[in-house]
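The values are calculated or read from the model by the stated rules, or taken from the named source; none is laboratory data. Remember, it's a predicted structure, so these values are computed and weren't measured experimentally. As a convention, Cβ positions derive from the backbone with ideal geometry for all residues, glycine included, and neighbour counts pool all protein chains shown. For accessibility, only protein heavy atoms count, side chains too; no ligands or nucleic acids. Shrake-Rupley method; radii C 1.70, N 1.55, O 1.52, S 1.80 Å.
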Amino acid sequence: MAKSTEWGSRIGFILASAGSAIGLGAIWKFPFWAGANGGGNFIIPYIIFTFTIGVALLMAEASVGRAGRGSAVQAMKKMGGPFFAIAGFIGVISSFIILSYYSVVGGWCVSYLIGSLTNSVLSSDAETLKEGFAVLVSDPVKNVFWHFCFLTLTCGVVALGVEKGIERIAKFLMPLLFILMVVILIRSLTFPGAMKGVEFLFAIHPETMSASTILNALGFTFFSLSLGCGTIVTYGCYVKETTDIPSSSGWIAFLALLGSILSGLMILPAVFAFGLDPNAGPGLVFVTLPIVFDHFPGGAFFAVLFYICLLTAALTSSISMLEVVIAYLGNEWNVRRPRGCFACWIALFLFGCVSALSFGPWSDVKVFGKTLFDALDFLSSNILLPMGGLFIALLTGWIAWPKFKEQLNYVKNRGTAYTTFIHAMVAIIAPIVVLLVIYQGCFA
């Protein structure tokens, strides 16, 4: 494989993959899910699943990518035959669909960053902030414009290529992301009553633990590690032969987990300090947190830092999803990267307008009782991503286990006990878990 289609370094692969895993979801979704599922009751299973099933599937996806050396479709076809090419294509479709509506949310991040620079997003009045957010998402011109801006930024980075574009931006943005999160976290912990948020985040109450909480932790593990959408398979295609996949996967999982925990410590202590609702979902970012920043000494400065942080997280994920599609176009259709990025820019902009308009002029259009935005999110998160994870588990656990085992031991021989444990994770435990996640998402 040419140098231009390889990571320049192991750290580049780790940071780019961790950036994909952390993304926008870790900033707002983790605190919301932790709040909705009882804090520590949710976090402890999430940590356990991350370092067992999660790491095993990360290794599986990266190994498929390096062994297959192509797009997600091509790599899975080489490893498992024509049937698994269909599974790889599901990952490509998943990434395209997710990016189409994810870009709309990314556009909100751009809008709020611009607003924070002009000090127009801070207020102590929750109703004013709710109204401002509602105006933004329901205004078709504004929503489409900010969607356009975020998508253009994403396509520009990916057009530069793997080493010069994705790896370079990851090496800069990921350390910046963690630094900004720590700065805001420290400030958040200084508020009177902030420790109630820390206690809530880590306190375990076995008497209230439920099967639903555990399944939600399983689902978030897949979501937080970008499993099932072809991202890690695609990034694995660019991994050098000298890179140790097991240790790299461990670092990716650790950084993804760290990002989620830091986001919880960044947001929930401040939310509790001001007596706000930890179960506010996206409102924690776009409605609730501006109230918190308004109480900061120098709140306008911290607001700018936070929305830079938020945009950074959104961009690292959107880049990884677009790369899945670009790799497919390049490997399967011989479409050059700049031309592929331009084609995706047009297609994603037009398809993303469906989600952008679903908050305004098309808000009454429903699919199974859901808005177009929510329907696309449900299709990808509850059906396509788990299906992708299931196919990866079946491929590496049953069909191509010898090839997967070879990749695990390619740089360093890890012994029988280790490989037996990983085999059990991907061949038996992971398929059962994925089926439970699909059931929870679709029927529970």
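Estimated at 0.36 nm per residue, the fully extended path between Asn279 and Phe342 surpasses their Cα-Cα distance by 18.8 nm. By the rule of a C-alpha distance below 18 Å, with chain neighbours fewer than 8 residues away ignored, the lysines paired with Lys142 are Lys130. Near Ile86, once Lys and Arg are set to +1 and Asp and Glu to -1 for all other residues with Cβ below 15 Å from its Cβ, the sum equals +1.
Over the stretch 325-407, what lengths in whole Å, largest first, do the semi-axes of the equivalent ellipsoid take, defined as the square roots of 5 times the eigenvalues of the alpha-carbon gyration tensor?
Working: eigenvalues 216, 102, 8 Å².
They are 33, 23, 6 Å, listed from largest to smallest.
Between 0 and 90 degrees, the angle of helix 40-49 with respect to the longest Cα principal axis of the chain falls at about 20 degrees. Would you give the gap between the C-alpha center of the stretch 117-186 and the C-alpha center of the stretch 293-352, rounded to a whole Å? Here the answer is 9 Å between Cα centres. Restricting the calculation to alpha carbons of the stretch 62-106 gives Rg and Dmax of 12.3, 37 angstrom.
Counting only protein heavy atoms, what percent of the accessible surface of the chain is carbon or sulfur at a 1.4 Å probe?
Details: 11780 of 16900 Å².
Of the solvent-accessible surface of the chain, carbon and sulfur hold 70 percent.
Shape of the stretch 216-262 from its Cα gyration tensor (a ≥ b ≥ c, root eigenvalues): rounded if a/c is under 1.5, otherwise prolate when a/b > b/c, or oblate? Oblate, because a/c is 1.5 or more while a/b does not exceed b/c.
Taking all protein chains together and a probe of 1.4 Å, list Arg336, Arg168, Arg10 from the most accessible to the least accessible.
Arg336, Arg168, Arg10
Axis angle, to the nearest 10 degrees, between helix 168-189 and the longest C-alpha principal axis of the chain: 40 degrees. Remark: accessible surface ordering of Glu131, Glu241, Glu61 (largest first) is Glu131, Glu241, Glu61, probe radius 1.4 Å.
Helix 385-394 and the longest principal axis of the C-alpha atoms of the chain enclose an angle of approximately 30°. Each of Thr208 and Lys196 was given a label point 7 Å from its Cα along the Cα-to-Cβ line. The distance between the two points is 1.4 nm. In this view, the solvent-accessible surface of Met425, computed with a 1.4 Å probe and all protein chains in place, comes to about 20 Å².
Tally Lys/Arg at +1 and Asp/Glu at -1 over every other residue whose Cβ is under 15 Å from the Cβ of Val135; what's the total?
Details: positive: Lys130, Lys142; negative: Asp125, Glu127, Glu131, Asp139.
Its environment carries a net charge of -2.
Orientation-averaged projection of the stretch 178-308 equals 10.2 nm² [convex hull of Cα atoms, one quarter of hull surface area].
Excluding His423 itself, calculate the net charge of residues whose Cβ lies under 14 Å from the Cβ of His423, where each Lys or Arg counts +1 and each Asp or Glu counts -1. That sum, taken over residues with Cβ under 14 Å, equals +2. The calculated pair-distance distribution of the chain uses every alpha carbon pair, bins of 20 angstrom beginning at 0, and gives 27, 60, 14, 0 percent.
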